Amino acid sequence: MSSATTIESAEESSYFAIFIYLSVLTAAELAVYAWFPGVVKIAFLVALAWAKATLVAMYFMHLRFERRTLAIIAFIPVVLVTFLTFMLLPDLTARLWAHADAHQQIAAPSGESSAPATPPPS
Amino acid sequence: MSQAATLDTHSHEAHSDVHLDPAESPLTPESWGKLGMWIFLAADAMTFGAAIAAYAALRMDNVNWPDPAQFLGITFTAIMTFILIVSSLTMVEALSSIKHGNMSRFQLFLGLTVLGGLAFLGMQAREWHELIWDKGLSIKTSLFSATFFILTGFHGCHVTGGVIYNSVYWFRGLAGKMDRSKASLIEIAGLYWHFVDLVWILIFTFVYLI
């Protein structure tokens, strides 16, 4: 019983600290947004967003102090959405290739033929 | 807590006349509620996740995607983000108050949480109004506007739901129907509210900042 009370008070005393961390990380996001270039900016922003999301889930939603079952339930969508994103990517890559092919085929015979460019057979 | 639960399981195993699945027995009505909310949130997270993944695929495929800052006010939405984070803090403070039986503090913090949600919705309404009436965007204008309105609109519906959910307990508390024994209801409502905050953290990054 005493251990349960300690966990509970540890849980509650961390609330304000977590709020401060979240505010600081939001300020950091705005700084990254303003000053960092291109790909570096995107990488930092995604990392900061996941850090904030993890803090909310672990401390405000108490996942850190719960049975592991709940953490597994919470983690499954993260895994599935990551898979989903990669499942969408091959389709995306294929379409980008198709774009590149189409441009080449239109560009190559431009000097000789006046016929309108036709899309490549799919 | 967990020690007591473990002891309980052992005692069920010892007395085989108790017809309870040992794996099931530690679940109290409160933990069933919490488990149910987590399963709902996992399903909801899949919906948001699918929408965000589709948005990412569309955006990466489209070289003419506009810079979000061309349409969206970053400072304005940073304030909205901060308001939601503050309302998450007031929500955990409300939970901590009801756990200690401090009901006036509970009413204060739950009320502040509801106000935070309403402030967020008001700011979002202002943002949408500006985009639709001043900048002429609609869901049909472009892929940018379509994904923007769907993602922020779906999230806005969740905030509306959370404001209603929390106000129900605020009004019940006003009627004197809330006490320490109802703390687990507030914990479950809090899970929903923090989830809405968590999703906004991701949307703010993926839709506004990147």
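Rounded to whole numbers, the Karplus 3J(HN,Hα) couplings from phi for segment B:42-56 are 5, 5, 5, 4, 5, 5, 4, x, 5, 5, 5, 5, 5, 4, 4 Hz, using 6.51 cos²θ - 1.76 cosθ + 1.60 with θ = phi - 60°, and x at Gly and Pro.
For B:ARG180 and B:TYR165 in the same chain, what is the full-extension length gain: residue separation times 0.36 nm, less their Cα-Cα distance, in nm? Contour length minus the Cα-Cα distance gives 3.5 nm. Only Cα pairs under 8 Å and 6+ residues apart enter the sum, and on that basis the relative contact order of chain B stands at 28 percent. Computed from the C-beta positions of A:ASP101 and B:LEU115 and an R0 of 56 Å, the FRET efficiency is 0.50 to the nearest 0.05. Kindly express, to the nearest 10 degrees and within the range 0 to 90, the angle between helix B:103-129's C-alpha long axis and the longest C-alpha principal axis of chain B. Compared with the principal axis, the helix lies near 20 degrees. Applying a threshold of 21 Å to the alpha-carbon distances of A:LYS41/B:LYS135; A:LYS52/B:LYS182; B:LYS34/B:LYS182 flags A:LYS41/B:LYS135; A:LYS52/B:LYS182 as lying beyond it. When the square roots of the Cα gyration tensor eigenvalues are ordered a ≥ b ≥ c, the ratio a/c for chain B is 1.5 or more and a/b does not exceed b/c, which makes its shape oblate. Putting +1 on Lys and Arg Cβ atoms and -1 on Asp and Glu Cβ atoms, find which of B:CYS157, B:GLY36, B:LEU72 reaches farthest to the positive end of the dipole of chain B. So the residue we want is B:LEU72. Each label was represented as a point 7 Å from its Cα along the Cα-to-Cβ direction; for B:ILE79 and B:LYS140 these points are 3.3 nm apart. Whole Å is fine, so just give me how far the alpha carbon centre of segment B:161-210 lies from that of segment A:35-87. Cα centroid of segment B:161-210 versus Cα centroid of segment A:35-87: 20 Å apart. Approximating the spin labels as points 7 Å out from Cα along Cα→Cβ, the A:PHE75-to-A:ALA31 distance works out to 3.1 nm. Fewest neighbouring Cβ atoms within 10 Å first, the residues A:TYR21, A:TYR59 line up as A:TYR21, A:TYR59.
Computed from the coordinates by the stated procedures, all read-outs in this text should not be read as laboratory data. Source: prediction; values computed, not measured. Positions of Cβ are generated from backbone atoms using ideal geometry, with glycine treated the same way; all protein chains shown enter the neighbour counts.
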